[in-house]
Structures are given as C-alpha cells and as structure tokens.
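Working notes for the structure below.
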Amino acid sequence: MTIAQMKAELEKSPNSPLYTKDILKKKFKIDTITITRTSFFNSLADSLAYKGQIKKVYGPFEQKGSRFLVQILAKAPNTFYRVSQIFIDTSVFRYKFADSLGKVILSKLNSGSDSFEHLAQTYSMGGEAVTKGDLGWVAQGVLIPQISRELTRRKKGEVFSVWSANGLHIIKKTEDPKKDSGFALMMRIFL
C-alpha cells in the first residue's frame, strides 16, 4: 500500500487507531497537544494541532531517523487572550530601578505621550520587543497566574502591571478573549 493510499484509508476509517493496528500492522502513538498560542508555534506538533483538520492525515515527516504520518483525532476548546507586554527583568535591574522605570512607562501610557508599541520596543527586555510587545493570542493557563487573574478582571485596551519572580510585567489586554482550539489529540503512525 502506498503512503497516499494509507492516508486516504485512515481518513475514511471510523476507528483510525484500530485500523492502524489491525489492518496496516503499524506502530502508533497517541499524543495530547496543548495549544499555547495561535501563532508563533514552538513546533510542528503545535502548528498541526492548531491548524490541522480533524481526521486529516499529514506527512510523512522525518524526525530522529524515523518516518511517520500524523492524524488529528479530536480537538477541544480553550480560552485565548490577545496580550501585549513590556517586561523589565530584575536579574538585570534592581527592584527599585525596575519599579521606577515601570512607573515612568505607565505614566507615559496614561498621559498618551507615547504608544505601548513604541515603549515595548524601547524598554522591553523580552523577545516581545521585536513584535512591539505583541505576544499574540495566548491560551488561558499559559501565562503566570498573577497575569491570568488580572486579565479576567480587565477590559480590552486596559494596561496594568504585575510583579513576578522574574521582574515587572506591564500588560495590555489587546482584545477580548475568544474560544479557539486549545487541545488536540493526535496519532503518529510510524512507517
């Protein structure tokens, strides 16, 4: 059976794991993938989990010398927040300086004398400086608990600050939350 035929048969099968085991006689592994963002994916699995269609078979892929196909078996929703951040790292700056800088940034934002995006490019010490502070759509439960709690209380466009063990986070709730694919059950079929 060719790979194209195998993919077509798996997509038609009402029970893909059983079909893989009993008919194809192939080894498989079922993984649960937690989707943490809707863009800026960490791996192929993240991208397929979010963008892939249920029942569709993708591949073949090669990793560490083994070839495999991937089928999306199911998806479940989660809540995502569109968030922007300016991060001031307290392993670089002392607490007092970070606090003072944070107050200056918040003052500029509140007075309207500067934009969040420009301030993020100028002051943020995280990778989000490159994206003008935009972290994209981030899944509930991925951010530190202090930020997650505040996001549920805030309105779209509000800016607030939160301290963590790593430093000061100045957060902007860019959009209202949305429901989207948050988890995917995927099967890898080893060729």
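Values in this text are rule-based calculations from the coordinates and carry no lab data. None of these values were measured; they are calculated from a predicted model. Ideal geometry is used to build each Cβ from the backbone, glycine not excepted, and the neighbour counts take in all protein chains shown.
Annotations
- All-pairs Cα distance distribution in the chain, expressed in whole percent, bin size 5 Å: 1, 7, 14, 15, 13, 10, 9, 8, 8, 6, 4, 3, 1, 0
- Applying the Karplus relation 6.51 cos²θ - 1.76 cosθ + 1.60 with θ = phi - 60° to segment 115-123 yields 3J(HN,Hα) values of 8, 4, 4, 5, 5, 5, 4, 7, 10 Hz, where x marks Gly and Pro.
- Qualifying lysines (Cα of each under 21 Å from Cα of LYS75; at least 8 residues distant if same chain): LYS7, LYS12, LYS29, LYS51, LYS55, LYS56, LYS178, LYS179
- Karplus 3J(HN,Hα) series, Hz, for segment 130-143 with 6.51 cos²θ - 1.76 cosθ + 1.60 (x for Gly, Pro): 5, 9, 6, x, 6, 8, x, 7, 10, 5, 4, x, 8, 6
- Here the gap between ARG153 and GLN5, fully extended at 0.36 nm per residue and compared with their Cα-Cα distance, gives a gain of 48.1 nm.
- Diffusion constant of segment 105-151 at 10 °C, which comes from Stokes-Einstein with the Kirkwood Cα-pair radius and 1.306 mPa s, µm²/s: 134 µm²/s
- Mean-position separation - Cα centroids, segment 8-82 and segment 128-163, in angstrom: 29 Å
- Extension gain (nm, one decimal) between ARG67 and ILE23, 0.36 nm per residue minus Cα-Cα: 14.0 nm
- Förster radius 30 Å - calculated FRET efficiency between LEU101 and GLU175, Cβ distance, rounded to 0.05: 0.65
- Theoretical ellipticity at 222 nm over the chain - DSSP helices of four or more residues, -39500 (n - 2.57) apiece, nearest 500: -8500 deg cm²/dmol
- Using a Förster distance of 25 Å, the FRET efficiency for SER164-ALA74 (Cβ separation, nearest 0.05): 0.15
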